[in-house]
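First up is the structure itself, then whatever we jot down about it.
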Amino acid sequence: MAAARAEVDRVLDRPGTQHVTTLAESRTAVLLGEITDLVAERDELRDPRLQALVDDDLARHGSLVVSLEEYLDRFGDVRSSAAALHVHPNTLRYRIRRAERVLGMRLDDPEDRLLLQLQLRRWRRHGP
């Protein structure tokens, strides 16, 4: 009974749950949210490179963070990301190259992409 209650709590605690669901149906979102929370709880798991990107965006009134999120969420598809951002694909390519320079990361590296996606989710969910 306790396990069933814990499962219900995990699903209900997930932001954006507005319909009847189960942990099995929501497993990815629930687990990703919990991983994001764990990263947020431990300062040593925060990558300072993301803060450098956020700071650069603030200083330049830029759109690197939102462009990067869109690009990563669309699996690196420049055309669909650019369309969603209402910018030319070359503008998005420039932003991605600039973000890579500021971050000191290569977005063609799967580990860098995964780490960056986790850090961005933590930042969106919990702030700086």
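A single member of Ala24, Ala40 is small (Gly, Ala, Ser) and farther than 24 Å from His126 by Cβ, and it is Ala24. Yes or no: the stretch 92-102 includes at least one residue that is at pLDDT 95 or above and either within 25 Å of Leu38 (Cα to Cα) or polar (S, T, N, Q) (or both). There is no residue in the stretch 92-102 that is at pLDDT 95 or above and either within 25 Å of Leu38 (Cα to Cα) or polar (S, T, N, Q) (or both).
Hey, does the stretch 39-56 have a residue that's among the polar types (S, T, N, Q) and within 13 Å of Gln119 (Cβ to Cβ)? Yes, some residue in the stretch 39-56 is among the polar types (S, T, N, Q) and within 13 Å of Gln119 (Cβ to Cβ).
Among the residues of the stretch 65-92, those that are surrounded by fewer than 19 Cβ atoms within 10 Å (Cβ to Cβ) and hydroxyl-bearing (Ser, Thr, Tyr) comprise Ser80, Thr91. Here the condition is being in contact (Cβ under 8 Å) with a residue 12 or more places away in the chain and over 15 Å from Leu45 (Cβ atoms); of Arg98, Arg74, Arg121, Arg79, it holds for Arg98 alone. Filter the stretch 13-37 for residues that are part of a helix (DSSP H, G or I) and exposed (fewer than 11 other Cβ atoms within 10 Å of the Cβ); which is modelled with the lowest pLDDT? Residue satisfying both the conditions and the ranking: Ala24. Tell me, please, whether a residue that is assigned to a helix (DSSP H, G or I) and touching a helix residue (DSSP H, G or I) at 6+ places or on another chain (Cβ under 6 Å) can be found in the stretch 104-111. No, there is no match, as no residue in the stretch 104-111 is assigned to a helix (DSSP H, G or I) and touching a helix residue (DSSP H, G or I) at 6+ places or on another chain (Cβ under 6 Å).
The values are calculated or read from the model by the stated rules, or taken from the named source; none is laboratory data. All figures in this text were calculated on a predicted structure; none of them were measured in a lab. Don't worry about glycine lacking a Cβ; one is built from the backbone with ideal geometry, like all the others, and counts go over all protein chains shown.
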